[in-house]
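Peer 1: I'd like to ask you about the structure that follows.
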Amino acid sequence: MKRILSFVCVTLMAALAWAEVSYDVIPLPRSIELSKKGEVFALTKGATVTWASGNEKMASNARLLVEYLRADANFQLKAEADVKKGAAIVLKIRNEKVKGESENPEAYRLTVNRGGITIEGATEEGVFRGIQTLRKAIGTDGGEQIDLPYVTINDEPRFSYRGVHFDTARHYFPVDFIKTYLDIMALHGCNQFHWHLTEDQGWRFEVKSMPELAKKGSVRQKTVVGRNSGIYDGQPYGGYYTQQECREIVAYAAKRFINVIPEIDLPGHMLGALHVYPELGCTGGPYEVWPIWGVSEDVLCAGNPKTLDFLKKVYDELCDVFPSKYIHIGGDESPRVRWKNCPKCQAKMKELGLTKEAELQTYINKEMDKHLSAKGRTLIGWDETLEGGLSENGIVMSWRGMKGGIAAARQHHRVIMTPTDYCYIDYYQLKEDWAQPHGIGGYLPVSKVYSMEPVPAELSKDEAQYIMGAQVNLWTEYVAYPEHAMYMLLPRLDAISEVQWMQPEQKDYEAFKVRLGRMQDLYNKLGYKYCYRIE
Ligand code: ACM
Ligand code: ZN
């Protein structure tokens, strides 16, 4: 009996030492065909990951896979190009398209069989998405050997735009944390990082031709305590990103197949700049870098020709640093009361034959659009930019509900859906606000994010094609530290990643919650903070 018991114990311990692999990851792949016979491929420590040499992106993919398994599961592999025999994991680009195979550049096939593990992508990007699936399937507990059930996974995302926004202007976040943020995005298959760089409360992008802008414009002398309480902390607060740091972040993101879309918000949310250049405001200032939250009535003067000169200089350097095809010009929450009372703005309206102040914003947008288009870039604006008529090329980011996006799609503008009701992750995620860190207000539980459908039913099939995808937004008036930012992000990012990636008929909230358990293991292992209660 004793011998039997000890045999059972040893067998059990061995089983526990081996990792449980599950291909039910987040976001769930489109098709998972497990072998009915239940065979497994044994991946052993020190096994080789290979690829065909001469492709730097594939080499980087291989190195990242090695790094992921080491960090996630304490499982060391080695990366070596051109290994013809005996490599356990082969990364490759699809040579030729098999009839009926996806045209999606992010499509990949992950197979596990007697020969080992193969990730074959339509492009290097597809291979990278497959690598994320493999690491999530393996999870955290590598042991000495990982048994992977034989499988064929065919996968591709539903939307080409899978965005995550981050406001690093209300609060500054260190470069290392921006990289962590990108890592978290990559883990979830997101591919567009919308980086909000300037605000009333701080200008955080270095402009070399105007060094004072970031030096002085990034620093507020104090910050209000709580919700515009009238009480201040008395502490100067600042920080900005040098161009060198921005380039480093762009390169880091590119390795993870994430595009970085910078946003310089205009013509409102500009007190950071107006503090340094008061002559660009309608009243001439002085202006302070704002110590409170909300929407300031002080905006750039639309009638002063220096305003456009300033903006063009800023965007020239921005485009130099950020290769993104898309450049975000903001355009949200820009009151027009100063324009109404400003002789320069009124003279400009007369000159252009405009009757409403709102059209002055359109005038600025169109000038910026011309400037950016000449550089081969495409402008994105918040949905306010649609009000006075958006330039032909412009992309609308619909945040005040989906109405703006619907109107834009009907005018054949491309649209990114990020309505407050589903996508504002600065809102609370639990009913009891005392049970969680600060939010801006509101209530956006994981289940609500999960229920989002980015393509409104009222759009025709043709109009629906203009919906590029969805994005969650993290504004940081009440989020000052990385741990808090991660908590706001996770697990609502898990929910949006399934909205962004999966076909709607494939989504299943109950199954998603089960899948989330394994993601939480990864978050624990990697030190990512998250909200563990799910509502
Ligand atoms: C926004 O939330 N002001 C775009
Ligand atoms: Zn003015």
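Peer 1: With respect to residue 364, is the statement that it is within 16 Å of ligand 1 (Cβ to nearest atom) and either among the aliphatic types (A, V, I, L, M) or in a helix (DSSP H, G or I) (or both) true?
Peer 2: no
Peer 1: Among (1) of a type in the set (Asp, Glu); (2) without any contact (Cβ under 8 Å) to a residue 12 or more places away in the chain; (3) within 22 Å of residue 193 (Cα to Cα), which single condition is residue 477 missing?
Peer 2: Of the numbered conditions (1) of a type in the set (Asp, Glu); (2) without any contact (Cβ under 8 Å) to a residue 12 or more places away in the chain; (3) within 22 Å of residue 193 (Cα to Cα), the odd one out for residue 477 is (2).
Peer 1: Restrict the check to the range 332-340 and report whether at least one residue is among the polar types (S, T, N, Q), outside any helix (DSSP H, G or I) and within 31 Å of the chain's Cα centre (by Cα).
Peer 2: yes
Yes/no matrix, rows are residues, columns are (1) away from ligand 1 (no atom under 14 Å from the Cβ); (2) crowded, with 22+ Cβ neighbours inside 10 Å; (3) under 22 Å from the mean Cα position of the chain (by Cα); (4) not in a helix (DSSP H, G or I):
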residue: 354; (1), (2), (3), (4): yes, no, no, yes
residue: 359; (1), (2), (3), (4): yes, no, no, no
residue: 368; (1), (2), (3), (4): yes, yes, no, no
residue: 379; (1), (2), (3), (4): yes, yes, yes, yes
residue: 389; (1), (2), (3), (4): yes, no, no, yes
residue: 405; (1), (2), (3), (4): no, yes, yes, no
residue: 412; (1), (2), (3), (4): yes, no, no, yes
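Peer 1: Can I ask one more? Restricting the search to the range 294-312, which residues are within 16 Å of ligand 1 (Cβ to nearest atom) and either without any contact (Cβ under 8 Å) to a residue 12 or more places away in the chain or surrounded by fewer than 19 Cβ atoms within 10 Å (Cβ to Cβ) (or both)?
Peer 2: Residues satisfying the conditions are 294, 295, 297.
Peer 1: Can you pull out the residues in the range 482-531 that are touching a residue at least 60 places away in the same chain (Cβ under 8 Å), of a type in the set (Ser, Thr, Tyr), under 23 Å from residue 166 (Cα atoms) and part of a helix (DSSP H, G or I)?
Peer 2: Listed by number, the list holds a single entry, 497.
Peer 1: Among the residues of the range 414-443, which ones are of a type in the set (S, T, N, Q) and either under 22 Å from the mean Cα position of the chain (by Cα) or at positive phi (or both)?
Peer 2: 418, 420, 429
Peer 1: Out of all the residues in the range 169-220, which are within 28 Å of residue 519 (Cβ to Cβ) and hydrophobic (A, V, I, L, M, F, W, C)?
Peer 2: Correct list: 173, 175, 177, 178, 182, 184, 185, 186, 187, 190, 193, 195.
Peer 1: Among the listed residues 468, 452, 488, 502, identify the single one that is touching a Pro at 6+ places or on another chain (Cβ under 7 Å) and either on the phi > 0 side of the Ramachandran plot or hydrophobic (A, V, I, L, M, F, W, C) (or both).
Peer 2: 502
Peer 1: Checking residue 328 against (1) in a loop (DSSP other than H, G, I, E, B); (2) farther than 23 Å from residue 345 by Cα; (3) in contact with a Gly (Cβ under 9 Å, 6 or more places away or on another chain), which single condition isn't satisfied?
Peer 2: Against the list (1) in a loop (DSSP other than H, G, I, E, B); (2) farther than 23 Å from residue 345 by Cα; (3) in contact with a Gly (Cβ under 9 Å, 6 or more places away or on another chain), residue 328 comes up short only on (1).
Peer 1: Next up: Being in contact with a strand residue (DSSP E or B) (Cβ under 8 Å, 6 or more places away or on another chain), farther than 17 Å from residue 23 by Cβ, hydrophobic (A, V, I, L, M, F, W, C) and surrounded by 19 or more Cβ atoms within 10 Å (Cβ to Cβ) narrows it down to one residue among 73, 107, 87, 81; which is it?
Peer 2: Exactly one of 73, 107, 87, 81 is in contact with a strand residue (DSSP E or B) (Cβ under 8 Å, 6 or more places away or on another chain), farther than 17 Å from residue 23 by Cβ, hydrophobic (A, V, I, L, M, F, W, C) and surrounded by 19 or more Cβ atoms within 10 Å (Cβ to Cβ), namely 87.
Peer 1: Also: If the requirement is being more than 16 Å from ligand 2 (Cβ to nearest atom) and part of a helix (DSSP H, G or I), which of these qualifies: 426, 421?
Peer 2: None of the other options fit; the residue is 421.
Peer 1: Another question, if that's okay. Within the range 461-487, can you find the residues that are within 19 Å of residue 441 (Cα to Cα) and in contact with a Cys (Cβ under 8 Å, 6 or more places away or on another chain)?
Peer 2: 472, 473, 487, listed by residue number.
Peer 1: So, one more: State the number of residues belonging to the range 234-278 that are surrounded by fewer than 17 Cβ atoms within 10 Å (Cβ to Cβ), in a helix (DSSP H, G or I) and small (Gly, Ala, Ser).
Peer 2: The qualifying residues number 2.
Peer 1: Could you count how many residues in the range 461-496 are within 16 Å of ligand 1 (Cβ to nearest atom), over 18 Å from residue 451 (Cα atoms), out of contact with any Asp or Glu (no Cβ under 6 Å at 6 or more places or on another chain) and not aliphatic (A, V, I, L, M)?
Peer 2: Here the count works out to 2.
Peer 1: Still on this model: Identify, please: which residue in the range 371-382 is over 16 Å from residue 398 (Cβ atoms) and touching a residue at least 12 places away in the same chain (Cβ under 8 Å) and is, among those, nearest to ligand 2 (Cβ to nearest atom)?
Peer 2: Looking at residues that are over 16 Å from residue 398 (Cβ atoms) and touching a residue at least 12 places away in the same chain (Cβ under 8 Å), I get 371.
Peer 1: Take the range 443-482 and flag every residue that is closer than 25 Å to residue 328 by Cα and either touching a Leu at 6+ places or on another chain (Cβ under 6 Å) or acidic (Asp, Glu) (or both).
Peer 2: Those that are closer than 25 Å to residue 328 by Cα and either touching a Leu at 6+ places or on another chain (Cβ under 6 Å) or acidic (Asp, Glu) (or both): 453, 463, 477.
Peer 1: Among the residues of the range 391-403, how many are surrounded by fewer than 20 Cβ atoms within 10 Å (Cβ to Cβ) and either of a type in the set (Ser, Thr, Tyr) or closer than 23 Å to residue 477 by Cβ (or both)?
Peer 2: Of the residues in the range 391-403, 3 are surrounded by fewer than 20 Cβ atoms within 10 Å (Cβ to Cβ) and either of a type in the set (Ser, Thr, Tyr) or closer than 23 Å to residue 477 by Cβ (or both).
Peer 1: Would you pick out the residues in the range 391-403 that are more than 22 Å from the chain's Cα centre (by Cα) and farther than 22 Å from residue 452 by Cα?
Peer 2: Correct list: 391, 392, 393.
Peer 1: Has the range 92-101 got any residue that is assigned to a loop (DSSP other than H, G, I, E, B), buried (at least 20 other Cβ atoms within 10 Å of the Cβ) and not polar (S, T, N, Q)?
Peer 2: Looking through the range 92-101, none of the residues is assigned to a loop (DSSP other than H, G, I, E, B), buried (at least 20 other Cβ atoms within 10 Å of the Cβ) and not polar (S, T, N, Q).
Peer 1: Just to confirm my filter: which helices (runs of 4 or more DSSP H) fall fully inside the range 114-231 and include at least 1 residues that are within 18 Å of the chain's Cα centre (by Cα) and in contact (Cβ under 8 Å) with a residue 40 or more places away in the chain?
Peer 2: It comes to 124-138, 175-187.
Peer 1: Need the failing condition index for residue 284 against (1) part of a loop (DSSP other than H, G, I, E, B); (2) within 16 Å of ligand 2 (Cβ to nearest atom); (3) within 24 Å of residue 400 (Cβ to Cβ), just the number.
Peer 2: So the condition that residue 284 fails would be (3).
Peer 1: Residue by residue through the range 328-346, note down the ones that are surrounded by fewer than 22 Cβ atoms within 10 Å (Cβ to Cβ) and more than 9 Å from ligand 2 (Cβ to nearest atom).
Peer 2: If the condition is that a residue be surrounded by fewer than 22 Cβ atoms within 10 Å (Cβ to Cβ) and more than 9 Å from ligand 2 (Cβ to nearest atom), then 332, 333, 335, 336, 337, 340 are the ones that fit.
Peer 1: I would also like to ask the following. Of everything in the range 291-324, what is among the β-branched types (Val, Ile, Thr), within 14 Å of ligand 2 (Cβ to nearest atom) and in contact with a Lys or Arg (Cβ under 9 Å, 6 or more places away or on another chain)? Give them in sequence order.
Peer 2: Matches in the range 291-324: 299 only.
Taken together, the values in this text are just the output of simple stated rules run on the coordinates, not laboratory data. Small disclaimer: the values here were computed from a predicted structure and weren't measured. A quick note on method: Cβ atoms are made from the backbone with ideal geometry, for glycine too, and the neighbour counts reach across all protein chains shown.
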